[in-house]
1. Do any residues in region A:98-126 that are within 10 Å of chain B (Cβ to nearest Cβ) have Cβ atoms under 6 Å from those of residues that are part of a loop (DSSP other than H, G, I, E, B) and of a type in the set (Gly, Ala, Ser), where the two are at least six apart or on different chains, and which pairs are they?
2. For region B:184-204, state whether one or more residues are of a type in the set (Phe, Trp, Tyr) and under 30 Å from B:Asp80 (Cβ atoms).
3. Take B:Met50 and decide whether it is in contact (Cβ under 8 Å) with a residue 24 or more places away in the chain, closer than 22 Å to B:Ile113 by Cα and within 14 Å of another protein chain (Cβ to nearest Cβ).
4. Would you point out the residue of region A:38-84, among those that are small (Gly, Ala, Ser) and farther than 26 Å from A:Pro137 by Cα, that is farthest from ligand 4 (Cβ to nearest atom)?
5. So is B:Glu13 of a type outside the set (Val, Ile, Thr) and away from ligand 4 (no atom under 16 Å from the Cβ) or not?
6. Quick check on region B:1-31: of everything there that is at pLDDT below 95 and part of a helix (DSSP H, G or I), which residue is farthest from ligand 1 (Cβ to nearest atom)?
7. Does A:Glu111 satisfy the criteria of being in contact with a Pro (Cβ under 7 Å, 6 or more places away or on another chain) and among the acidic types (Asp, Glu)?
8. Checking the conditions here, which among B:His112, B:His85 is open to solvent by less than 20 Å² (accessible area, probe 1.4 Å) and within 16 Å of ligand 1 (Cβ to nearest atom)?
There are 2 protein chains.
Amino acid sequence: MYYLSRMSTSYTEENYLKAIYKLQESNGETVATSTLAQVMGVHAPSVTDMLKRMAGKKLISYQKSKGFKLTEKGKQVAVDIIRRHRLWEVFLVDKLGFRWDEVHTIAEELEHIQSSPLVDKLDAYLGYPKADPHGDPIPDANGVLPKSRSVLLSSLKAGKAGKFTGVSDHSVSFLNYLDKMGISLGDTIKIKHVEDFDKTYTLELKGKKPAVVSHKVANSLLVIEQ
Amino acid sequence: MYYLSRMSTSYTEENYLKAIYKLQESNGETVATSTLAQVMGVHAPSVTDMLKRMAGKKLISYQKSKGFKLTEKGKQVAVDIIRRHRLWEVFLVDKLGFRWDEVHTIAEELEHIQSSPLVDKLDAYLGYPKADPHGDPIPDANGVLPKSRSVLLSSLKAGKAGKFTGVSDHSVSFLNYLDKMGISLGDTIKIKHVEDFDKTYTLELKGKKPAVVSHKVANSLLVIEQ
DNA sequence: ATATAAAATTAGATCGGTCTAATTTATTAT
DNA sequence: ATAATAAATTAGACCGATCTAATTTTATAT
Ligand SMILES: [Mn+2]
Ligand SMILES: [Mn+2]
Ligand SMILES: [Mn+2]
Ligand SMILES: [Mn+2]
């Protein structure tokens, strides 16, 4: 007997679905057992088991020893969870005053709360935000996720500038680093120089003295060229 | 491998602890297996199993075939969950605009979100409320739950009046009934007459015409005599 | 005090989600 | 094409939370 008669998708399944969705987005259509095991922090046989259960529920399509991918139904659930996750993150930052590096783990739980009216009202309460505190786009109530036009700062030539719109590295340490450097979403970042020797970037930020950052940093910042 | 390394108390244990706490509050010190099974909506052997697990964690003290009761540790967890539940209910009503009859089931899930900073910030954001939307007192951050001075309206003599401070029946149907009758928390309710024959109450509410309600209703309203 | 009824526990099973060890299947290199 | 390596699956187990059926313990009634 379950208190939250979730019935449909379990907590765990939702986390798998989200992970598969993100892997499909970045690493192409089909996903490998070992890859998923790694990002889920479980061992391969656990994934195989879970795949069978989820295939039974028509959340993924799965051919033994070939890869697997989300069905339309699975994709819908995944996007819905992502929507919830990002809305809660906005709530935590905008309303409760958390820092952007603190909200991910809390949202990782909140995203599973079972109630559509809750999500809708939260969305309205937050003013229908388009992006979460890390710049990631928030799918709308119909599951439509606006395609981002952002590119990595590292893809821009020296001399070009871009508006900082998001991060591709969501780690606490990177977010803290950006805070320390005074680099915030919305800032305009100009590439003054790219050092040929070690690929360090010299960046110019409005009203600040130039900053030298590693290639890794330039490769973790999403911008819209301007 | 668990994503929310809850470790300490599981979702399910927390629901059991809360139920035991409430049973101890109303039905005296020790609780019976069958009673708990009934309120948890499970069968008796499930309770026996759970009791063993919880006794192992020192959340309850348990003597086989005698009753059981919460330890100090168990009581602390229970009160903390109650605090979270009631704070979330305030959030849902005050901030998101839910009705008081809609929030219980959602809070039943939200109460388990693992994060003390979250609860503290929520508390602050809500302005440190003293009671939830049903008039139930909210334990403070130290787990201190103010003792209520409310009594059942049915305990008052005809002619007396009281301020409506809470309900002892939390069912959706009763809450809807009160809405329909225009009876809201904070209202002053005067007992005009108690019919000897069938114990119906004639109530006077400020600015409204007298209402006749059953004994069951008078027995579900908490008031502070005035 | 003994029989009967009620409450609680034990025994044995299932299910979701995980593990390790063993095996099978697919990929890669020579 | 065959052998070696890597990836995936199967087999068998565990844990938490539940169930039903059988048994034991406690309470109640005569
Ligand atoms: Mn999650
Ligand atoms: Mn985010
Ligand atoms: Mn609950
Ligand atoms: Mn309440």
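1. A:Ile106/B:Ser115
2. Scanning region B:184-204 turns up no residue that is of a type in the set (Phe, Trp, Tyr) and under 30 Å from B:Asp80 (Cβ atoms).
3. The answer is yes for B:Met50.
4. If we take residues in region A:38-84 being small (Gly, Ala, Ser) and farther than 26 Å from A:Pro137 by Cα, then A:Ser65 is farthest from ligand 4 (Cβ to nearest atom).
5. Spelling it out, B:Glu13 is indeed of a type outside the set (Val, Ile, Thr) and away from ligand 4 (no atom under 16 Å from the Cβ).
6. That would be B:Asn27.
7. Here the answer is no, as A:Glu111 does not meet what is asked.
8. Result of the check over B:His112, B:His85: B:His112.
The values are calculated or read from the model by the stated rules, or taken from the named source; none is laboratory data. None of the values given here were measured: they were computed from a predicted structure. Cβ coordinates were reconstructed from backbone atoms using ideal geometry, including for glycine residues, and neighbour counts include every protein chain displayed. Ligands, DNA and RNA are excluded from the accessible area calculation, which covers all protein heavy atoms including side chains. Shrake-Rupley method; radii C 1.70, N 1.55, O 1.52, S 1.80 Å.
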